[in-house]
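The values are calculated or read from the model by the stated rules, or taken from the named source; none is laboratory data. Fair warning: this is a prediction, and the values are worked out from it, not measured in the lab. Cβ placement follows ideal geometry from the backbone for every residue including glycine, while neighbour counts extend to all protein chains displayed.
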Amino acid sequence: MAGEEEDRPGADATSALGALLGYRAYARRWVFLLVLSLLNFSNAALWLSFAPVADTIAHHFFLSTKQINWLSLIYLVASIPSGVVAIWVLDSVGLRWATIVCAWLNFFGSVFRTLPFLFIEIQDPFAFLMAGQSLCALAQTLVIFSPAKLAALWFPEHQRATANMIGTMSNPLGILVANLLSPALVKKEKDIPLMLGIYIIPAGLACLLATACLWESVPPSPPSAGAAHSTSEKFLDGLKLLLRNRAYIILAVCFGGGIGIFSSFSVLLEQVLCVKGYSNEFAGLCGALFIVFGVLGALVLSLYVDRTKQFTEVVKIGFCLTSIVCVAFALAEGLLIMVLLTALTVRRAEPSVSTCQDGQGPLDWTVSMLLMAGLCALFSCFLVVFFHTRYRRLQAEAHMSHSIQEDTSPEAADHEPRPAATP
């Protein structure tokens, strides 16, 4: 496990230079990536586990629409204050301990949600459900920031984007599984404990692997020049530098807005379709399709940017395509759903549960969908127009590698000045 792993043929020059300078990629980096990916997957599945069956959960626990939504939205609210703390923890404590703490928070949160079914005399089950979701929300802020740090510390230059993609895309993969698994498990109210118990399994496995298999935050030898010469600012100093970085502010606004739109859409999709009379299975299928094509696109694009390094161009094009899809969904929601319904022969049913209607009648999501599309288009335009920056890290690493190659070349050794001969 601790042995050195061979690099792919397309990176012969990089690997040869790395071997000359003592850079080393350890095989156990894949174990770290596996643990982090499983943890990210479990946390995302726990986040969305209630949303695809919101009507059944609301009816069983006598909860309102707002209470059901808060079981998922607590993730977004908790990430605002705890996100800053998570960044400090990753920089101060290290990647290993941050991952272990995250795994235990995630596991305890998943177990805490089952307590209303273990103790019949509990009067307020919503408090236990919210407490469990809150623990998982605290874990999310640690795991969501970790893939990029893991890729930078453990992986060579030509594998960073791929490693980051694997660790990051395990999160939407968990959302995909939750969209499909929750409606498949919960056919009746008595199936809710089974659903909660199954979601404990990946959380417990990630906790066990994180505790037993992770032994160090950084490898003994760096995998690349960037990892070897990286410098970390003090937390407050680094935060001040980021707030003065124009490119970072643009990325934070656009990507933060995009993540917020995606998260809200994933949480509320079942309620949007419920008004139209569609089943939980169909709502879960629609959510799963969003994730499937997103994962496929991320896989292809990560391999592409690993070779071309055209990060900005890919991000701008992807954001614009997402905006077009959001606008199409908002304007043609009824037509698109009817086409899917006809193709998949999904039975329609009249909305009859509390998550589909308020006191005045069925909920109307038209304005919300149009607002979502407008915000997504606004963020896309803002990114395309204002985000222009150089790849400074890539340029620095290329310059460093070029300088080292010149210093170690035979020509440089031949032209090295020698002491003059003494008479």
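Looking only at segment 153-168, residues that are in contact with a Gly (Cβ under 9 Å, 6 or more places away or on another chain), crowded, with 20+ Cβ neighbours inside 10 Å and in a helix (DSSP H, G or I) come to 2 in all. The set of residues in segment 295-304 that are crowded, with 18+ Cβ neighbours inside 10 Å and either at pLDDT 80 or above or in contact with a strand residue (DSSP E or B) (Cβ under 6 Å, 6 or more places away or on another chain) (or both) contains only 301.
Candidates in segment 76-122 are the residues that are of a type in the set (Ser, Thr, Tyr) and at pLDDT below 90; of these, the one that is nearest to residue 195 (Cα to Cα) is 79.
Here residue 85 meets each of (1) surrounded by fewer than 16 Cβ atoms within 10 Å (Cβ to Cβ); (2) touching a residue at least 60 places away in the same chain (Cβ under 8 Å) with one exception, condition (2).
Take the conditions (1) over 17 Å from residue 160 (Cα atoms); (2) in a helix (DSSP H, G or I); (3) not basic (Lys, Arg); residue 278 misses just one of them, which is (2). Of all residues in segment 5-29 being surrounded by fewer than 16 Cβ atoms within 10 Å (Cβ to Cβ) and closer than 30 Å to residue 203 by Cα, which is modelled with the lowest pLDDT? Checking each candidate, the answer is 5. Of all residues in segment 82-136, those satisfying the criterion of being closer than 15 Å to residue 206 by Cα and β-branched (Val, Ile, Thr) are 99, 100, 101, 111. All but one of (1) under 30 Å from residue 24 (Cα atoms); (2) in contact (Cβ under 8 Å) with a residue 12 or more places away in the chain; (3) over 19 Å from the mean Cα position of the chain (by Cα) hold for residue 208; which doesn't? With respect to (1) under 30 Å from residue 24 (Cα atoms); (2) in contact (Cβ under 8 Å) with a residue 12 or more places away in the chain; (3) over 19 Å from the mean Cα position of the chain (by Cα), residue 208 is out only on (2).
Is segment 211-228 home to any residue that is in a helix (DSSP H, G or I), modelled with pLDDT of 90 or more, out of contact with any Asp or Glu (no Cβ under 7 Å at 6 or more places or on another chain) and crowded, with 22+ Cβ neighbours inside 10 Å? Among the residues of segment 211-228, not one is in a helix (DSSP H, G or I), modelled with pLDDT of 90 or more, out of contact with any Asp or Glu (no Cβ under 7 Å at 6 or more places or on another chain) and crowded, with 22+ Cβ neighbours inside 10 Å, which makes the answer no. Of all residues in segment 29-74, count the ones that are free of Cβ contacts under 8 Å to residues at least 60 places away in the same chain and within 16 Å of residue 214 (Cβ to Cβ). Within segment 29-74, residues that are free of Cβ contacts under 8 Å to residues at least 60 places away in the same chain and within 16 Å of residue 214 (Cβ to Cβ) number 1.
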